[in-house]
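Worksheet: one structure, shown below.
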Amino acid sequence: MPLMGGVELVERFRDARPAVKVLFVSGYIDDSVINRVMLAERAEYMQKPFTNATLARKVREILDQ
């Protein structure tokens, strides 16, 4: 994204909708970002590549939480 990163987007979005569920998807992400996202931002993370079935299961899991 040209104007901000994913973590900043989640922070801004959570200001408006604190209960939103988030799934970060990336082929590369720094470990410190993963830790910050998963702990502080209460978000999930999936490493690329993955199958459509794996994505569907993860989304269902997150929605059921």
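Observations
- Pick from the stretch 17-36, criterion within 17 Å of residue 65 (Cα to Cα) and surrounded by 11 or more Cβ atoms within 10 Å (Cβ to Cβ), ranking: modelled with the lowest pLDDT: 24
- Residue within the stretch 39-51 that is modelled with pLDDT of 80 or more, polar (S, T, N, Q) and part of a helix (DSSP H, G or I) present: no
- Filtered residue count, the stretch 1-33, keeping only those that are more than 9 Å from the chain's Cα centre (by Cα) and in a helix (DSSP H, G or I): 11
- Residue pairs meeting the criteria (Cβ under 8 Å; at least 6 apart or on separate chains; first basic (Lys, Arg), in the stretch 42-65; second surrounded by fewer than 10 Cβ atoms within 10 Å (Cβ to Cβ)): 48/27
The values are calculated or read from the model by the stated rules, or taken from the named source; none is laboratory data. Just so it is clear, the structure is predicted and the values come from calculations on it, not from any experiment. We place every Cβ from the backbone using ideal geometry, glycine too, and count neighbours over all the protein chains shown.
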